[in-house]
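J.: First, the structure itself, so that you have it in front of you.
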Amino acid sequence: MLTTLHTTKKKSSSRSDKLFDRLVLFISILYPLSATPQLIAVFQGKADGVSVISWIAFLVCAGLFLAYGLRHKVWPMILSNTLWVVVDSLVVIGIMSYRI
């Protein structure tokens, strides 16, 4: 029997739930920014050893997670994976442009 991955629940009402929701939203922005050093290195021409295949796989996964988040209106997922799509795309573009 298959179950869905997403369940609908009532809006968080307790203070701890609201605090946790804010923390997750903050992390959903911060986490994609953790790839900034890699992005900077690639655009400085230091793309040796950086796998374009891995970054394309990351991009595809982020796109799928973004689609899931949009379909189920999961805002932290939408925000985080939108940023991941941008970062992953920039890294792939950077790798490709320095390898040509």
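The values are calculated or read from the model by the stated rules, or taken from the named source; none is laboratory data. Computed from a predicted structure; not experimentally measured. Cβ: placed from backbone, ideal geometry, glycine included. Neighbour counts: every protein chain shown.
J.: Give the residues of the stretch 51-64 that are more than 8 Å from the chain's Cα centre (by Cα) and in a helix (DSSP H, G or I), sorted by residue number.
T.: VAL52, ILE53, SER54, TRP55, ILE56, ALA57, PHE58, LEU59, VAL60, CYS61, GLY63, LEU64
J.: Additional query: Over 19 Å from the mean Cα position of the chain (by Cα), closer than 28 Å to ILE100 by Cα, of a type outside the set (Ser, Thr, Tyr) and surrounded by 12 or more Cβ atoms within 10 Å (Cβ to Cβ), is that true of PHE43?
T.: Spelling it out, PHE43 is indeed over 19 Å from the mean Cα position of the chain (by Cα), closer than 28 Å to ILE100 by Cα, of a type outside the set (Ser, Thr, Tyr) and surrounded by 12 or more Cβ atoms within 10 Å (Cβ to Cβ).
J.: To continue, here is another question. Consider SER13 carefully, then state whether it is modelled with pLDDT of 75 or more, of a type outside the set (A, V, I, L, M, F, W, C) and not in a helix (DSSP H, G or I).
T.: yes
J.: While we're looking at this one, here's another question. Pick from HIS72, HIS6: which is at pLDDT below 95 and either at positive phi or of a type outside the set (Ser, Thr, Tyr) (or both)?
T.: HIS6
J.: Do you know which residues across the stretch 47-69 are of a type in the set (Gly, Ala, Ser), at pLDDT below 95 and crowded, with 16+ Cβ neighbours inside 10 Å?
T.: Within the stretch 47-69, ALA47 is the sole residue that qualifies.
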